[in-house]
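Have a look at the structure below, then the notes.
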Amino acid sequence: MPQPSVILATAGYDHTIRFWEAKSGRCYRTLQYPDSQVNRLEITPDKQYLAAAGNPHIRLFEVNSNSSQPVISYDSHTNNVMAVGFQCDGNWMYSGSEDGTVKIWDLRAPGCQREYESRAAVNTVVLHPNQTELISGDQNGNIRVWDLTANSCSCELVPEVDTAVRSLTVMWDGSLVVAANNHGTCYVWRLLRGTQTMTNFEPLHKLQAHNGYILKCLLTPEFCENHRYLATTSSDHTVKIWNVDGFTLEQTLTGHQRWVWDCVFSVDGAYLITASSDTTAKLWDMSNGEAMQTYQGHHKATVCCALHDGAESSPS
């Protein structure tokens with residue numbers, strides 16, 4: 001099987017993971033995921049594997065394979081896994097779960113290597129570009145920075161008491177972090193390097209982005225040419241694109257019929273993929289806000305999508 005240059009996958013509540021040809025919209029591979037719904041998908045930096053986070057396990061599948069079986073299963077969470085991601089060289093994986101923990105897994109060895117206790121259901125985890133800090137957001141409204149070098153929590157923030165933090169995103173250069181919550185609000189901070197390794201948060205902006213829940217917030221990647229944007233997806237069925245310089249509304253993407261759960265930018269920021277409870281995923285042209293393609297095939301809510309259209313980053 002030749003390796004496709006663009007890997008696009010979606011999953012959700014119908015117990016399947018689907019791989020799509022991005023341009024044509026054709027589904028060319030379907031994996032069964034019988035044990036639970038799939039909450040989150042992530043592709044390894046080298047494009048070799050797809051991680052699927054379910055309840056309560058994470059399964060790793062080969063991207064370029066006819067096999068329907070996972071290569072490995074990570075099993076020590078005890079509730080829904082809501083976040084999963086990879087270190088830039090692909091040596092280790094991180095996860096966050098409704099069991100209240102953030103975990104780190106060595107991909108070359110089975111079992112959990114480290115565990116951090118958040119004391120509330122974890123909804124979102126992101127890795128700082130410095131690769132040495134994880135930032136988590138939980139159901140009680142706490143944001144915590146986990147210093148992987150010191151192996152401890154180095155910073156805690158509560159932007160709104162008892163308001164769940166649904167999604168976190170960090171600018172590729174580490175300069176900004178955005179947290180989105182259940183009240184439709186985004187909090188934006190500048191990240192300042194402290195005298196130690198600790199990251200300091202300086203409040204920059206409070207954005208009332210949606211009337212409903214924000215389910216995902218995402219900043220554009222490094223190779224985005226023109227502007228730096230923030231995308232927010234919501235229970236109000238829309239996706240909004242904000243200009244990071246001033247946080248003005250650039251455009252509203254309309255077309256999904258139900259909640260929009262997830263989104264991912266292409267490597268150059270020219271396109272956006274979204275996943276919705278209306279069972280579809282869509283491909284949007286960021287230059288005009290038009291939907292270029294709709295991916296139809298799931299039978300229930302599509303709640304996560306993963307895209308890797310950049311060069312393979314091989315382990316250093």
* **the stretch 264-285 - residue that is closer than 16 Å to Q296 by Cα and of a type outside the set (V, I, T) and, of those, surrounded by the most Cβ atoms within 10 Å (Cβ to Cβ)** => A281
* Only listed residue being open to solvent by 10 Å² or more (accessible area, probe 1.4 Å), over 23 Å from C304 (Cα atoms) and in a loop (DSSP other than H, G, I, E, B), chosen from P159, P203, P129 -> P159
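Being closer than 27 Å to K206 by Cα and open to solvent by 50 Å² or more (accessible area, probe 1.4 Å) is true for just one of R166, R108. Which residue is that? First the steps, then the outcome.
On the way: R108 fails: closer than 27 Å to K206 by Cα.
Testing whether each residue is closer than 27 Å to K206 by Cα and open to solvent by 50 Å² or more (accessible area, probe 1.4 Å) leaves just R166.
Can you pull out every residue in the stretch 1-25 that is under 18 Å from the mean Cα position of the chain (by Cα) and not in a loop (DSSP other than H, G, I, E, B)?
At the first step, the residues of the stretch 1-25 found to be under 18 Å from the mean Cα position of the chain (by Cα) are 6-13, 17-19.
Within the stretch 1-25, I7, L8, A9, T10, A11, G12, I17, R18, F19 meet the criteria.
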* Structure fact -> Considering the stretch 36-49, residues that are over 12 Å from M93 (Cβ atoms) and among the hydrophobic types (A, V, I, L, M, F, W, C), and then whichever is surrounded by the fewest Cβ atoms within 10 Å (Cβ to Cβ), we arrive at L41
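So if I check each of L60, L41, which one is over 22 Å from T279 (Cα atoms) and under 17 Å from the mean Cα position of the chain (by Cα)? Give the steps one after another, and end with the answer.
Working: L41 fails: over 22 Å from T279 (Cα atoms).
Every option except L60 fails the conditions.
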* Give Y33, Y13 a once-over and let me know the one that is under 21 Å from A275 (Cβ atoms) and without any contact (Cβ under 8 Å) to a residue 40 or more places away in the chain. => Y33
* Asked: Do we have any residue at all in the stretch 26-35 that's open to solvent by 60 Å² or more (accessible area, probe 1.4 Å), of a type in the set (K, R) and either farther than 27 Å from V145 by Cα or more than 15 Å from the chain's Cα centre (by Cα) (or both)?
  -> yes
* Test T124 against the criterion of being open to solvent by less than 50 Å² (accessible area, probe 1.4 Å), in contact with a Leu (Cβ under 6 Å, 6 or more places away or on another chain) and polar (S, T, N, Q), and give yes or no. => yes
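Which residue out of Y74, Y116, Y94 is of a type in the set (S, T, Y), more than 15 Å from L50 (Cα to Cα) and buried (at least 17 other Cβ atoms within 10 Å of the Cβ)?
On inspection, the qualifying residue turns out to be Y116.
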* **The one condition in (1) open to solvent by 60 Å² or more (accessible area, probe 1.4 Å); (2) in contact (Cβ under 8 Å) with a residue 60 or more places away in the chain; (3) farther than 22 Å from Y271 by Cβ; (4) not aromatic (F, W, Y) that S5 fails to fulfil** => (3)
* Asked: How many of the residues making up the stretch 57-71 are open to solvent by less than 60 Å² (accessible area, probe 1.4 Å), of a type outside the set (G, A, S) and within 20 Å of E312 (Cβ to Cβ)?
  -> 4
* Can you find even one residue in the stretch 68-88 that is touching a residue at least 60 places away in the same chain (Cβ under 8 Å) and assigned to a loop (DSSP other than H, G, I, E, B)? -> yes
* Within the stretch 220-234, tally of residues that are open to solvent by 20 Å² or more (accessible area, probe 1.4 Å) and assigned to a loop (DSSP other than H, G, I, E, B) -> 8
* To do: Report yes if some residue within the stretch 292-299 is part of a strand (DSSP E or B) and within 16 Å of the chain's Cα centre (by Cα); otherwise report no.
  => no
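The values are calculated or read from the model by the stated rules, or taken from the named source; none is laboratory data. Not measured: the values here are computed from a predicted model. So basically every Cβ, Gly included, is an ideal-geometry build from the backbone, and we count neighbours across all protein chains shown. The protein model used for the area step is the full one, side chains on, heavy atoms only, and it has no ligands, DNA or RNA in it. Shrake-Rupley method; radii C 1.70, N 1.55, O 1.52, S 1.80 Å.
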